[in-house]
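Trainee: Below is one structure. I have some questions about it.
The values are calculated or read from the model by the stated rules, or taken from the named source; none is laboratory data. Owing to the predicted nature of the structure, the values given are computational and were not obtained by experimental measurement. For neighbour counting, all protein chains shown are included, and Cβ atoms are generated from backbone atoms with ideal geometry for every residue, glycine included.
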Amino acid sequence: MENTVNMAQKVFYIKTFGCQMNERDSEIMAQTLSSFGYIESMNYQEADLVIVNTCSIRAKAEQKVLSLLGYLRKAKKNKPSMKICVAGCVAQQEGARIIERMPHVDLVLGTQQIYNLEKHLQRVDLEGSIVITDLHDKYQIPQFLPEISSLGRTSENNQPSPSSRPCSRFVTIMQGCNNYCTYCVVPYTRGREVSRRIADIVDEVKILVAEGVREITLLGQNVNSYGKTNAVGEPEVPITFTDLLKVVSRIEGVTRLRFTTSNPKDLTDELMCSFRDIANLCPQFHLPVQSGSDRVLAKMNRKYTISEYLQKVDTLHEYCPEIALTTDVIVGFPGEDDEDFEETMTLLEKVRFHGSFSFKYSDRSGTRASAFLDKVDEGVKVARLRRFQGRQDEISLERNREYIGTVKEVMIEECAPNGLRGRTDTNHIVHLNDCSVKSVPGEIIATKILRAGQHSLQGEIYKKD
Ligand code: SAH
Ligand code: SF4
Ligand code: F3S
């Protein structure tokens, strides 16, 4: 208790890079710090503790972290009592090298250590700089009960993320990845797959709905493997991801359920049926394909072919005709030639994804692909990315226009003076520009879609004739 009094005035600032796992981890660290007296600030210059929660998925993500740490060196000169913590995937991968290069960093916190933040900060006070990056195969995700933070966060690109929407929250169900796609650092930065106890997941969801949350997104790097590995403390009965979805979908108050991310190789018929059978599972699915070429997919170690992927897409449409599919694509993977890339373009035409995230292949140290010799020229990568993104933008607009004239249930997320913003179950953002309409986040409003842009829809309240 004494600590609480001593630390009552301390201020922290968290900058989050990377994926939703990191966003959720930042919320956990923020809640931990608040519980022992810290208050959050949006200004790093005044903070006693700055946490940089990092991502190393591509070189660009890592460079952003390094430049922020450069600014922090100056901020610490002005405020020498400032403590700087580097958490997340760069911390896990780089470990002690971070402090060697940047002695102004006080704590390097690995990805399995965020729940012990308080203990490690106390050690920093006593011992000076420390590096804690142990990764355990039998890691057990600790029980951690949520509290709604009053500060809404936005993701790195300032898009509203579930954590910044009062009616929507992420719930981590597993950590790590065993797939070893040849380009990817995640198995090294997050360790082996571990599933969180189902009872802890259910408790967390129940608390969230009691606080007014209506939409839950279950999170993991590879959710389809839930229950296969280290469901520590669970009964001997295997629990599949589909079982978990059913359990969470039945919790009273969960109006909308989503999940991310899935590897197509583990997508079972049972899981695809869930889009037909679970009423509150939203008709939206992020299914990263990475490439349209079987040759490239094999080199990526993805373990599926394009015909298997397309078969699954067909089955999903059969079970759930309104499903909106999105994907991830890497262009310029080592050895990708013009023909391989054309196959990616052909796939885009066949599936007509509602949206996609596409990236130039980026060499990551420690991955198998970084040792491949047939790297693609940077100029070729840039041209391929531009072409893919250009066509995807056109398709997204065409897809969005298909909604014009339809009536959609829109869950309201933000009530601003100039109108309301919400989301369809298919995960499309909708603006209702009628200032006279009053609403609250979480309310569902039947909306007639009037216009469509590339990234959002516009509509008005639907009035029955
Ligand atoms: N677990 C998720 C992926 C998480 S990483 C999944 O398997 O779907 C998010 C995306 O980053 C990946 O889908 C991939 O498209 C991209 N990515 C990962 N490593 C990359 C690299 N070395 N270069 C470029 N893009 C990469
Ligand atoms: Fe990375 Fe592949 Fe695992 Fe996704 S499935 S996190 S891309 S190794
Ligand atoms: Fe980045 Fe780590 Fe997520 S590398 S994408 S923050 S798992």
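Trainee: Would you please name the residue that is nearest to ligand 2 (Cβ to nearest atom), looking only at residues in the range 58-71 that are out of contact with any helix residue (DSSP H, G or I) (no Cβ under 7 Å at 6 or more places or on another chain) and of a type in the set (A, V, I, L, M, F, W, C)?
Mentor: First pass over the range 58-71, keeping only residues out of contact with any helix residue (DSSP H, G or I) (no Cβ under 7 Å at 6 or more places or on another chain): 58-61, 63-64, 66-71.
Now narrow it down to the ones that are of a type in the set (A, V, I, L, M, F, W, C): 59, 61, 66, 68-69.
Working: Ala59: 16, Ala61: 14, Leu66: 22, Leu68: 24, Leu69: 25 Å.
That would be Ala61.
Trainee: Determine which member of the set Val124, Val108 is at pLDDT 95 or above and surrounded by fewer than 21 Cβ atoms within 10 Å (Cβ to Cβ).
Mentor: Testing whether each residue is at pLDDT 95 or above and surrounded by fewer than 21 Cβ atoms within 10 Å (Cβ to Cβ) leaves just Val124.
Trainee: Another question, then. Would you confirm whether or not the range 413-436 contains a residue that is surrounded by fewer than 19 Cβ atoms within 10 Å (Cβ to Cβ), in contact with a Phe, Trp or Tyr (Cβ under 6 Å, 6 or more places away or on another chain), on the phi < 0 side of the Ramachandran plot and assigned to a strand (DSSP E or B)?
Mentor: no
Trainee: If only one of Ser35, Ser41, Ser81, Ser67 is surrounded by 16 or more Cβ atoms within 10 Å (Cβ to Cβ) and not β-branched (Val, Ile, Thr), which one is it?
Mentor: Only one candidate passes the filter, namely Ser41.
Trainee: Based on what the data block shows, is Phe388 under 21 Å from the mean Cα position of the chain (by Cα) and either under 30 Å from Thr189 (Cβ atoms) or part of a helix (DSSP H, G or I) (or both)?
Mentor: Details: under 21 Å from the mean Cα position of the chain (by Cα): no; either under 30 Å from Thr189 (Cβ atoms) or part of a helix (DSSP H, G or I) (or both): yes.
No: the conditions fail for Phe388.
Trainee: Take residues that are among the charged types (D, E, K, R), surrounded by fewer than 17 Cβ atoms within 10 Å (Cβ to Cβ) and at pLDDT below 95 and tell me which of the helices (runs of 4 or more DSSP H) falling wholly in the range 232-341 contain 3 or more.
Mentor: Working: elements: 241-249, 269-277, 294-300, 306-319.
In the range 232-341, no matching helices (runs of 4 or more DSSP H) lie anywhere.
Trainee: Let me ask something additional. Restricting attention to the range 43-79, report how many residues are more than 26 Å from the chain's Cα centre (by Cα) and of a type in the set (Asp, Glu).
Mentor: 2
Trainee: Also, quick follow-up: Do we find that Val313 is more than 16 Å from ligand 2 (Cβ to nearest atom) and in contact with a strand residue (DSSP E or B) (Cβ under 8 Å, 6 or more places away or on another chain) in this structure? I'd like the intermediate steps shown before the answer.
Mentor: Details: more than 16 Å from ligand 2 (Cβ to nearest atom): yes; in contact with a strand residue (DSSP E or B) (Cβ under 8 Å, 6 or more places away or on another chain): yes.
When the stated conditions are applied, Val313 passes them.
Trainee: Got a number for residues in the range 191-220 being within 16 Å of ligand 2 (Cβ to nearest atom) and either hydroxyl-bearing (Ser, Thr, Tyr) or over 17 Å from His136 (Cα atoms) (or both)? Spell out how you get there, then give the answer.
Mentor: Keep residues of the range 191-220 that are within 16 Å of ligand 2 (Cβ to nearest atom), which gives 191-195, 218-220.
Okay, now just the ones that are also either hydroxyl-bearing (Ser, Thr, Tyr) or over 17 Å from His136 (Cα atoms) (or both), so 195, 218-220.
The number of residues fulfilling the criteria is 4.
Trainee: Follow-up. Suppose we keep only residues that are crowded, with 19+ Cβ neighbours inside 10 Å and in contact with a strand residue (DSSP E or B) (Cβ under 7 Å, 6 or more places away or on another chain) within the range 389-402. Which one would you say is nearest to Leu297 (Cα to Cα)?
Mentor: Filtering first and then ranking leaves Gln392.
Trainee: Evaluate the following for Phe357: is it modelled with pLDDT of 95 or more, under 30 Å from Lys228 (Cα atoms), out of contact with any Phe, Trp or Tyr (no Cβ under 9 Å at 6 or more places or on another chain) and within 16 Å of ligand 3 (Cβ to nearest atom)?
Mentor: Details: modelled with pLDDT of 95 or more: yes; under 30 Å from Lys228 (Cα atoms): yes; out of contact with any Phe, Trp or Tyr (no Cβ under 9 Å at 6 or more places or on another chain): yes; within 16 Å of ligand 3 (Cβ to nearest atom): yes.
The answer is yes for Phe357.
Trainee: Still on this structure: Could you tell me how many of the residues in the range 360-386 are of a type outside the set (Phe, Trp, Tyr), surrounded by fewer than 18 Cβ atoms within 10 Å (Cβ to Cβ) and at pLDDT 95 or above?
Mentor: Residues of the range 360-386 that are of a type outside the set (Phe, Trp, Tyr), as a first pass: 360, 362-371, 373-386.
Still in the running and surrounded by fewer than 18 Cβ atoms within 10 Å (Cβ to Cβ): 363, 365-366, 368, 370-371, 373-375, 377-380, 382-383, 386.
From the residues that got through so far, the ones that are at pLDDT 95 or above too are 363, 368, 370-371, 373-375, 377-380, 382-383, 386.
Matching residues across the range 360-386 total 14.
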